[in-house]
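Structure record follows, encoded as structure tokens.
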Amino acid sequence: MKFSKSLIPRIFLILFINQIFFNAPKAQSAEKIKIIYSIFSRTVTVDSLKTFAENGNSSKSLRKILNATGSSDEKIQSILNNKFEIPITIASKLVYSEIGNVFLNRLSSILHTPNTNDERTGMLALRSSVIKGLYTGNGKINLVSFFESYPTKTVILNVNALSKVMNKVQSISELLDFFTSKPLEKIKNN
């Protein structure tokens, strides 16, 4: 009788540990991008964005958004497929640096998680997406892999906040040049 009484709690312990370690939920990835402009919003799936980036085919909802941009499909595909190559160690140093925190803080007003009430949560999600995207892309990341690596099912893209930033910066290339030239050299040397 002693054997069976001590065996039952052990079996329950083994089953409990099995549930915790072997059935752990997978980390989420973004499935939808909710684009908010003033009081209007549209939602597009990350899969439809990926399909468009790969072969130019677009869903009806994505086509409406693409038409609203006023840019050619080829230009948008080029932007979506443009890969940035950076070693994960350098990217990690950059996103945890002071300038990285400033950049992520500003970017978190444009791209953020649903129901985000603080900047820190948005910064953490962005940081996670960059590192995970670079890891899965073997040191390369593009916009599609960035969205695929975002840690929530929905990403909010605030067009009003994006417009404010774009008014301050003449072009995205200036912004990228600024963030990829001098700060990276300082980080590489540290």
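The values are calculated or read from the model by the stated rules, or taken from the named source; none is laboratory data. The structure displayed is predicted, hence computed values, not measured ones. Here the Cβ positions follow ideal geometry from the backbone for every residue, glycine too, while neighbour counts run over all protein chains shown. Only protein heavy atoms, including side chains, enter the accessible area calculation; ligands, DNA and RNA are left aside. Shrake-Rupley method; radii C 1.70, N 1.55, O 1.52, S 1.80 Å.
Tabulated results
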| read-out | value |
| --- | --- |
| Order of exposure, largest accessible area first, which applies to LYS50, LYS153 with probe 1.4 Å | LYS153, LYS50 |
| Approximate spin-label separation ASN55-ASN101, in nm, with each point projected 7 Å along Cα-to-Cβ | 4.6 nm |
| 13 Å beta-carbon shell around MET123, net charge (K/R +1, D/E -1) | 0 |
| Solvent-accessible area per residue, Å², over region 80-154 with all protein chains present [probe radius 1.4 Å] | 54 Å² |
| Extended-chain gain in nm, criterion 0.36 nm per residue less alpha-carbon gap, SER71 and ASN115 | 12.8 nm |
| Linear extension gain, LYS153 paired with SER78, 0.36 nm per residue minus alpha-carbon span | 24.5 nm |
| Karplus (6.51, -1.76, 1.60) ³J(HN,Hα), θ = phi - 60°, over region 86-91, in Hz, Gly and Pro reported as x | 7, x, 4, 5, 5, 4 |
